[in-house]
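Q: Sending over a structure as structure tokens; questions will come in a sec.
The values are calculated or read from the model by the stated rules, or taken from the named source; none is laboratory data. Computed from a predicted structure; not experimentally measured. FYI the Cβ positions are ideal-geometry reconstructions off the backbone, even for glycines, and counts take in every protein chain you see. Note: areas computed on protein heavy atoms with side chains; ligands, DNA, RNA excluded. Shrake-Rupley method; radii C 1.70, N 1.55, O 1.52, S 1.80 Å.
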Amino acid sequence: MGVDESGTIETSALTPIERVSGLAFDRFVETYRAPRRPVILADAANAWPAYTHFKPEWFRAKYAGKKLRLRGREWSLGEILDVLERSTENEPGPYPCKFEIVRDFPELLTDVSPRFAHSLPDRQAHPLIPHRLFSGVNNLEIFFGGPGGRFPYLHYDLMHQHAWITQLYGDKEFTLYAPDQAPFLYVNPDEPWQSLIENHQEPDFARYPLFSQAHAQKVIVRAGETLFLPCGWWHTARSLNMTISVAFDQLGSDNWNDFRDDVSATRQRRGKAWLGAALNVYLALLSPLLSVAELFGANHDTHWGNR
């Protein structure tokens, strides 16, 4: 894998993932969001205060004693950083070590503001959308990782939302599968945003023979870069060294119907098909109203507010 003179990251896939700077919003929509192509924005986070100081030593100096819940027990952030800094490829520390910024580090909201204009509009916080629909969605998370730390399963972001992942410290390798690769990924029927494949980094092809036919793209996202993953793109990641990342999701008009389908299907799996059907109708009627409101600036807040 390498980078050519145009900034294109060469991968094993037919359509390469591009690294771009100074991308105009209209071009982003036309070239990447509408056709659902991943892209790396090299300068999206430049305005974030976090861009300059989100480093392990900064978190250790400010938060070493902060208590956090991780893997069923209480840790101090200093303990977590100690474990991750001792991590190696052969003996990796826990991953992901992820926390909700609003809940665990609310004072850091200004450090990850303003929100990228390219990630707007976002409908998640609109008062006409029942917040219970986002149960299980932990939006705006900070991730800490150590060398060799690997995400435990293949997945796409819940409720078919677009994913925005900003690498603020260190390098992270992402393995991506386009939505059309789902037939080879052994989708979990109970949680269809997850793959059933165990140890997907070194899979048992005798147990998962179709997985050998899946076409993956690997790309390294470096400090200061932001990866846009359109809804439905399967992915997993591993830290190549000590890493700090911030991730959040986006729900707009372009992935609204996918979101509606997920909402309906989730209620059906829970034995509440009637509720899924009712929500589907409600969300179908709501969408054009939101689209009109967005023409006048709704859902374009660049600050996180009460999320």
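Q: Please state the charge dipole magnitude for the range 1-158, taken about the Cα centre, from unit charges on C-beta atoms (+1 on K and R, -1 on D and E), reported in debye and rounded to the nearest 20.
A: Computed about the Cα centre, the dipole is about 640 debye.
Q: Treating cross-link reach as a plain straight distance, find the aspartates and glutamates whose alpha-carbon is under 20 Å from the alpha-carbon of residue 55, omitting any fewer than eight places away in the same chain.
A: Output for residue 55: 43, 79, 82, 85, 100, 104, 107, 111, 141, 171, 173, 225.
Q: Something else: Just need log10 I(q)/I(0) for the range 63-117 at q = 0.24 Å⁻¹, Debye formula, equal scatterers on the alpha-carbon atoms, no solvent, rounded to two decimals.
A: Taken in order of the listed q values, log10 I(q)/I(0) reads -1.00.
Q: Net charge within 10 Å of residue 249 by Cβ-Cβ distance, Lys/Arg positive one each and Asp/Glu negative one each, not counting residue 249 itself?
A: With Lys, Arg at +1 and Asp, Glu at -1, the neighbours total -3.
Q: Right, something else. Considering only 290, 195, 31, whose Cα is most displaced toward the positive end of the charge dipole of the chain, charges sitting on Cβ of Lys, Arg (+1) and Asp, Glu (-1)?
A: Final value for the positive-end residue is 290.
Q: What part of the accessible area of the chain, given as a whole %, is carbon or sulfur when the probe is 1.4 angstrom?
A: After summing per-atom areas, the C and S share lands at 53 percent.
Q: Please get the size of the charge dipole for the range 132-228, origin at its Cα centre, with Cβ charges of +1 on Lys and Arg and -1 on Asp and Glu, quoted in debye to the nearest 20.
A: In total the dipole reaches around 120 debye.
Q: Could you size up the charge dipole of the chain around its Cα centre, putting +1 on the beta carbon of Lys and Arg and -1 on that of Asp and Glu, and report it in debye to the nearest 20?
A: Dipole of the chain, to the nearest 20 debye: 880 debye.
Q: Ignoring everything but the protein chains, give the 1.4 Å probe accessible area of residue 289 in square angstrom, nearest 10.
A: Only protein atoms counted, so the area is about 110 Å².
Q: Per residue, what volume in Å³ does the Cα convex hull of the range 129-210 take up?
A: 126 Å³
Q: Moving on to the next point. Build a GNM of the chain with springs between Cα atoms under 10 Å: which of 29, 292, 102 gets the top mean-square fluctuation?
A: The residue with the greatest mean-square fluctuation here is 292.
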